[in-house]
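The values are calculated or read from the model by the stated rules, or taken from the named source; none is laboratory data. Since the structure is predicted, the reported quantities are computational estimates derived from the model, not experimental observations. Quick reminder, even Gly has a Cβ in these numbers, built from the backbone with ideal geometry, and neighbours come from all protein chains shown. Remember, those area values only see protein heavy atoms, side chains included, never the ligands or the DNA or RNA. Shrake-Rupley method; radii C 1.70, N 1.55, O 1.52, S 1.80 Å.
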Amino acid sequence: MSGPAAVIAGLGAWLPPRVVTNDDLAARLDTTDSWIRERTGIRERRRVGAGMATGDLAVEAGRLALKASGSDSADTVVLATTTPDRPCPATAPEVAARLGLSGAAAFDVSAVCTGFLYALAAAAGLVATGTAERVLLIGAEAYSTILDPDDRTTAAIFGDGAGAVVLRAGRPEEPGAVGRCVLGSDGDHSDLIRIPAGGSRQRSAGGPADPQDHYFRMDGRKVYRHAVERMTAAAHQALAAAGWTADEVDRLAAHQANARITDAVAERLGVPPQRRLANIGRVGNTAAASVPLLLAEETAAGRLREGDRTLLAAFGGGLTWGAATVVWPRVTAYVNTEAEAA
Ligand code: COA
């Protein structure tokens with residue numbers, strides 16, 4: 001007899017209101033709207049305002065997901081993020097307290113853009129062992145706080161935002177049950193996506209860090225190649241574990257890294273373009289927030305519907321990657337994406 005499974009019970013998404021368009025970037029960097037659109041598919045992204053941190057975004061998305069689930073309670077809060085409010089302690093306990101969930105187990109997951117898939121697998125495991133019964137799982141990023149304002153490549157790609165999912169204990173055969181997750185890593189390529197300073201490696205070397213080393217750095221061209229290969233391979237494994245063919249996938253919810261990357265993954269898998277979910281044009285690459293933000297927005301818009309066989313896939317720094325399958329449940333998503341000009 002199999003134990004309980006984690007079942008999706010509600011979703012939420014929250015974007016900071018400040019919109020930064022490609023033309024806004026082109027006004028101060030050597031780039032153009034057409035370069036960014038053609039190479040990435042991104043038209044605009046959101047940015048936090050002064051003083052706003054990842055925890056603030058996480059609280060807003062978490063509140064909406066709890067409301068959508070029909071209950072304010074959760075015994076566990078997991079926050080996937082690359083941009084915690086501070087290096088120590090984790091951001092999740094404070095988010096839990098601000099949501100009235102003091103006493104809940106709470107921890108952060110650090111796997112850059114794969115963070116949500118890693119956190120989903122961890123949460124599903126906690127439910128399967130009976131350690132947790134209701135998990136609030138949040139992906140949130142104030143990514144702009146680690147970007148070099150003079151680096152046109154990363155400034156064009158990354159955006160801020162948060163998405164959240166409530167998981168409840170249910171039965172493995174129910175719609176919304178999270179199946180076996182596929183996870184992997186390759187630390188031999190940890191240098192392709194990194195913030196060089198601020199950790200024990202730099203601190204123990206003595207002397208102050210070069211201020212430039214506190215910014216996020218990425219080798220875009222190499223990352224691109226790994227992202228396509230790793231996400232496609234992980235997705236194949238998740239499909240095999242679920243016993244689905246690519247043809248049976250109704251919706252592909254891939255990490256919104258770059259529209260060309262998700263197009264290439266869909267093509268290699270053999271998933272028709274119209275089944276590929278996308279919001280990157282409006283939000284950019286929101287790292288650990290990307291997949292839950294996409295799932296919440298598409299559910300709220302009615303494009304992700306009850307019964308849809310949904311394939312999740314992500315890739316990120318580490319390097320890390322992951323994939324999972326879910327038959328989409330009848331579920332509510334609340335989204336607040338109100339915008340204001342920069
Ligand atoms: N505007 C104008 N030119 C830009 C630019 C921008 N915003 N960003 C980079 N360029 C330039 C580069 O400097 C380079 O110039 P050079 O030839 O004079 O050196 C040129 O464009 C081509 O760069 P390249 O890296 O080969 O372009 P690309 O087609 O690979 O696109 C990325 C660059 C970053 C968009 C692409 O590599 C990418 O998306 N990588 C993956 C990023 C990602 O998803 N990261 C997160 C993973 S989770």
Discussion item. Looking at the chain as a GNM with Cα springs under 10 Å, which of Ala105, Ala259, Ala164 has the largest mean-square fluctuation?
Written reply: Ala105
Worksheet, complete the sentence: Evaluated at 25 °C and 0.890 mPa s, the Stokes-Einstein D of region 147-229 based on the Kirkwood radius over Cα pairs, in µm²/s, stands at 147 µm²/s
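Please give the charge dipole size of region 194-342, origin at the Cα centre, charges +1 on K and R Cβ atoms and -1 on D and E Cβ atoms. Round to the nearest 20 debye.
400 debye
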Worksheet item: Considering the chain as a Gaussian network with a 10 Å cut-off on Cα pairs, which listed residue, Gly41, Gly307, Gly207, attains the greatest mean-square fluctuation?
Response: Gly207
Fill in: Per residue, in Å², the accessible surface of the chain once ligands and nucleic acids are set aside, probe 1.4 Å
41 Å²
Worksheet item: Picking from Leu126, Gly49, Ala90, whose Cα lies most toward the positive end of the charge dipole for region 5-170 (charges on Cβ: Lys, Arg +1; Asp, Glu -1)?
Response: Leu126
Worksheet, complete the sentence: Cα-based Debye curve of region 3-60 sampled at q = 0.26 Å⁻¹ gives log₁₀ I(q)/I(0) of -1.02
Worksheet item: Taking each full run of DSSP H in the chain as one helix, which ones are at least 27 Å long along their axis (Cα atoms) and have mean Kyte-Doolittle hydropathy of at least -1.0?
Response: 220-242
Worksheet item: Where in region 264-342 are there GluC sites (Glu not before Pro) that are in a DSSP coil and have at most 11 other Cβ atoms within 10 angstrom of their Cβ?
Response: Glu338
Response to the item:
Given the candidates Gly176, Tyr143, Gly199, the one whose Cα lies deepest towards the positive end of the charge dipole of region 126-216, counting +1 at each Lys or Arg C-beta and -1 at each Asp or Glu C-beta, is Gly176
Worksheet entry | Dimensionless Rg ratio for the chain, taking C-alpha atoms and the 2.2 N^0.38 Å reference | 0.93
Item to complete: Show that you can apply the helix-only estimate: for the chain, add -39,500 (n - 2.57) for every DSSP H stretch of four or more residues, divide by all residues, and state [θ] at 222 nm to the nearest 500.
Response: -9500 deg cm²/dmol
Worksheet item: So what is the orientation-averaged projected area of region 5-170, using the convex hull of its C-alpha atoms, in nm²?
Response: 9.8 nm²
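Might you report the magnitude of the Cβ-based charge dipole of region 63-161 about its Cα centre, with Lys and Arg at +1 and Asp and Glu at -1, to the nearest 20 debye?
The calculation lands at about 280 debye.
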Discussion item. Can you compute the charge dipole magnitude of region 5-170 about its Cα centre, using +1 on each Lys and Arg Cβ and -1 on each Asp and Glu Cβ, nothing else charged? Give it in debye, rounded to the nearest 20.
Written reply: 360 debye
Worksheet entry | DSSP bridge orientation in the chain - percent antiparallel, rounded to nearest 5 | 60 percent
Discussion item. Accessible area of the chain with a 1.4 Å probe: how many percent of it is carbon plus sulfur?
Written reply: 48 percent
Worksheet item: Most mobile of Leu29, Leu304, Leu57 per a Gaussian network model of the chain (Cα springs, under 10 Å)?
Response: Leu29
Worksheet entry | Globularity index of region 182-330, i.e. its alpha-carbon radius of gyration over 2.2 N^0.38 Å | 1.17
